[in-house]
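J.: Pasting a structure below so you can have a look.
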Amino acid sequence: MLLTPRLIAPDSAYKDSFADALAEGLGETPADPDEIAWVREDFDDWLRADNDMSRRIILADGREVPRVPFTTLWLVMGQQFLGRISLRHQLTPDLERVGGHVGYAIRASARGHGYGQLMLRLALPHLQALGINPALITCNDDNQASIRIIEKAGGKLQDTITVAGATCPVRRYWLTI
Ligand SMILES: CC(C)(COP(=O)(O)OP(=O)(O)OC[C@H]1O[C@@H](n2cnc3c(N)ncnc32)[C@H](O)[C@@H]1OP(=O)(O)O)[C@@H](O)C(=O)NCCC(=O)NCCS
């Protein structure tokens with residue numbers, strides 16, 4: 001068994017661990033119990049829907065916008081799902097304000113062990129392979145852990161902006177790979 005954390009494409013071998021992570025807390029908002037059940041019961045169908053480019057994104061101000069092409073990678077160790085990182089292949093005017101090229105989350109029970117930092121570092125070659133350099137990374141002004149992750153990776157603060165419907169100002173960083 002590989003006990004070194006590594007990035008992989010989403011894989012049904014980790015579906016129960018991923019569902020457990022959704023249940024304990026992965027993103028900034030709690031997961032929908034129906035989605036957790038979907039992952040457990042029909043992972044392939046859930047994954048197809050998760051990758052469906054026709055699915056719309058609902059922004060903080062309530063607007064619905066199309067998705068941009070993206071790559072999702074999972075940080076796993078042994079049999080355990082630890083976290084998820086999404087690489088957006090292009091920016092839109094909305095993503096230039098919030099979201100940027102990269103979004104990430106570590107499951108609640110695995111936070112504070114350096115996995116967030118490691119996951120971003122492991123994702124850098126993937127960004128480069130996608131031709132994304134520099135990468136825009138945004139985070140809430142009150143998200144101390146994310147600020148540390150971005151700054152330790154070498155992110156340079158462009159500015160801090162106010163975003164309609166958002167709970168707090170948003171920091172925008174550029175990271176040269
Ligand atoms: C943000 C997040 C990914 C951090 O993951 P993590 O694995 O806990 O982070 P790390 O353990 O790699 O820690 C990174 C740095 O933040 C610090 N840190 C961790 N948790 C912290 C906290 N609650 N408050 C302040 N600093 C914190 C760590 O000490 C470390 O800094 P150091 O290297 O100087 O010691 C995780 O908290 C998360 O998934 N949050 C919900 C989703 C989210 O906010 N995503 C980011 C959107 S921009």
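Every read-out reported here was derived from the displayed coordinates using simple, explicitly stated rules and does not represent laboratory data. Computed from a predicted model, the values in this text were never measured in an experiment. No Cβ is skipped: glycine too gets one built from the backbone with ideal geometry, and neighbour counts run over all protein chains shown.
J.: Under the rule a/c < 1.5 gives rounded, and otherwise a/b versus b/c splits prolate from oblate, where does the range 46-128 land using the Cα gyration tensor?
T.: prolate
J.: Step through the residues of the range 14-28 one at a time and calculate ³J(HN,Hα) from phi using the Karplus curve (6.51 cos²θ - 1.76 cosθ + 1.60, θ = phi - 60°), rounding each to whole Hz and writing x for Gly and Pro.
T.: Karplus-based 3J(HN,Hα) across the range 14-28 equals 10, 4, 5, 5, 5, 4, 4, 5, 4, 5, 7, x, 10, x, 6 Hz.
J.: If a/c stays under 1.5 just call it rounded; otherwise compare a/b with b/c (prolate if a/b is bigger, oblate if not). Do that for the range 92-144, with a ≥ b ≥ c from the square roots of the Cα gyration tensor eigenvalues.
T.: Oblate, because a/c is 1.5 or more while a/b does not exceed b/c.
J.: I've got another one for you. Tell me, what is the percent relative contact order of the range 1-48, built from C-alpha pairs under 8 Å that lie six or more residues apart?
T.: Here the relative contact order equals 35 percent.
J.: Calculate, in whole percent, how much of the Cα-Cα pair population of the chain lies beyond 27 Å.
T.: 25 percent
J.: Sort 158-171, 114-127 by the packing proxy (mean of other Cβ within 10 Å over each peptide's residues), most packed first. Display every interim value, and only then the final one.
T.: Values: 158-171: 13.7, 114-127: 18.5.
In descending order of packing, they fall as 114-127, 158-171.
J.: With contacts defined as alpha carbon pairs under 8 Å and 6 or more residues apart, what's the relative contact order of the chain in percent? Kindly include the intermediate steps, with their values, before the conclusion.
T.: Details: 301 pairs, mean separation 35.4, N = 177.
With pairs under 8 Å counted, the relative contact order is 20 percent.
J.: A further question on this structure: Taking the alpha-carbon centroid of each part, what is the distance from the range 114-177 to the range 29-44 in angstrom?
T.: What the calculation gives is 27 Å, centre to centre.
J.: For the range 1-62, state which trypsin sites (Lys or Arg not before Pro) are in a DSSP loop and have at most 14 other beta carbons lying within 10 Å of their beta carbon.
T.: R55, R56
J.: Under 5 Å between amide H atoms, partner at least 5 residues away or on a different chain: which partners does I177 have, H built in plane at 1.01 Å?
T.: A135
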